[in-house]
1. Taking the stretch 135-162 on its own, how many of its residues are in a helix (DSSP H, G or I), more than 25 Å from the chain's Cα centre (by Cα) and farther than 19 Å from ALA211 by Cα?
2. Quick test for you: out of MET82, MET142, MET114, pick the one residue that is modelled with pLDDT of 90 or more, of a type in the set (A, V, I, L, M, F, W, C) and surrounded by 12 or more Cβ atoms within 10 Å (Cβ to Cβ).
3. Report whether or not LYS36 is surrounded by 10 or more Cβ atoms within 10 Å (Cβ to Cβ), part of a helix (DSSP H, G or I) and at pLDDT 80 or above.
4. Which of the following residues is of a type in the set (S, T, N, Q) and open to solvent by 100 Å² or more (accessible area, probe 1.4 Å): GLN59, GLN99, GLN106?
5. Among what's in the stretch 117-134 and is exposed (fewer than 10 other Cβ atoms within 10 Å of the Cβ) and within 22 Å of the chain's Cα centre (by Cα), pick the residue that is farthest from LYS215 (Cα to Cα).
6. Would you mention how many residues in the stretch 191-214 are within 15 Å of TYR127 (Cα to Cα) and open to solvent by less than 20 Å² (accessible area, probe 1.4 Å)?
Amino acid sequence: MNTNTNEVTNTEEPKENPVDDSSQEPTVEDTPKTNKGKKDDVSSKLAEFENTLADYKKQIGDRDRKVSELYLQLDNLKRDKMTDEERFELDKKAFEEQQNVFKQQQIEFNKEKMRNYVSDKLSSLGYFNGLSIDEITNLKDMVLADTTDEADKRIDALANTLGKITQTKFEGAGKPAPTKQSTGSVWNPFAPDQFNVTEQHKLWKEDPSKAEQLKKAAERLK
């Protein structure tokens, strides 16, 4: 038995799916416009945030002023209920507190003034040479006082102590302690072979100009 088969051949080309342009990457021409839009959006949000923050600060300021006013009204009401004696005691207490604050500020001011005085004095005497910051701080604390006279006394005592240490050091090394009568060179208490802190201190007090000259001369020998 013969069977007729009709073969259908599809000769049409397959259709391509349409391309969604929205999914494509932005072109070079589109990029500057996109970036500019983002920048404008960020600037707008930033300006909005700053305005909101300014409003909050103003509200806080207004609230604080209102609270202060209410406290003042409360204090006035309390005072109205007080007797003259109670009001006097309250004012006295407030005055004493203000005096204590003033005294503490004055104490801190004097301390800072003395720190500067001691620092300048020790520096001019050359005591800070070769010392670390911590060592300088400790040295200033040793001679810090409430008055300049007391500070000078402590600095003199420090100079005498250092002078004795220097003398002991030379004697322990079998050398005579340097004196003004040292021969072979001009007397210079800043020189390594004639180093004498006590004499340095005296010289700074009696003749600062000469002390400066001798100090520079000694530095050239190092």
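1. We begin by selecting, within the stretch 135-162, every residue in a helix (DSSP H, G or I); these are 135-143, 148-162.
Checking the rest, the ones that are also more than 25 Å from the chain's Cα centre (by Cα) come to 148-162.
So of that shortlist, the ones also farther than 19 Å from ALA211 by Cα come out as 148-151, 153-154, 157, 161.
Number of matching residues: 8.
2. On the way: MET82 fails: modelled with pLDDT of 90 or more; MET142 fails: modelled with pLDDT of 90 or more.
Only one candidate qualifies: MET114.
3. Numbers: surrounded by 10 or more Cβ atoms within 10 Å (Cβ to Cβ): yes; part of a helix (DSSP H, G or I): yes; at pLDDT 80 or above: no.
Considered against the rule, which asks whether it is surrounded by 10 or more Cβ atoms within 10 Å (Cβ to Cβ), part of a helix (DSSP H, G or I) and at pLDDT 80 or above, LYS36 comes out as no.
4. Working: GLN99 fails: open to solvent by 100 Å² or more (accessible area, probe 1.4 Å); GLN106 fails: open to solvent by 100 Å² or more (accessible area, probe 1.4 Å).
Sole residue among the options that is of a type in the set (S, T, N, Q) and open to solvent by 100 Å² or more (accessible area, probe 1.4 Å): GLN59.
5. By that ranking, first place goes to ASP134.
6. Adding up the residues that qualify gives 6.
The values are calculated or read from the model by the stated rules, or taken from the named source; none is laboratory data. None of the values given here were measured: they were computed from a predicted structure. Virtual Cβ from ideal backbone geometry, glycine too; neighbours counted across all protein chains shown. When the accessible area is computed, the model is the full protein with side chains, heavy atoms only, and any ligands, DNA or RNA have been set aside. Shrake-Rupley method; radii C 1.70, N 1.55, O 1.52, S 1.80 Å.
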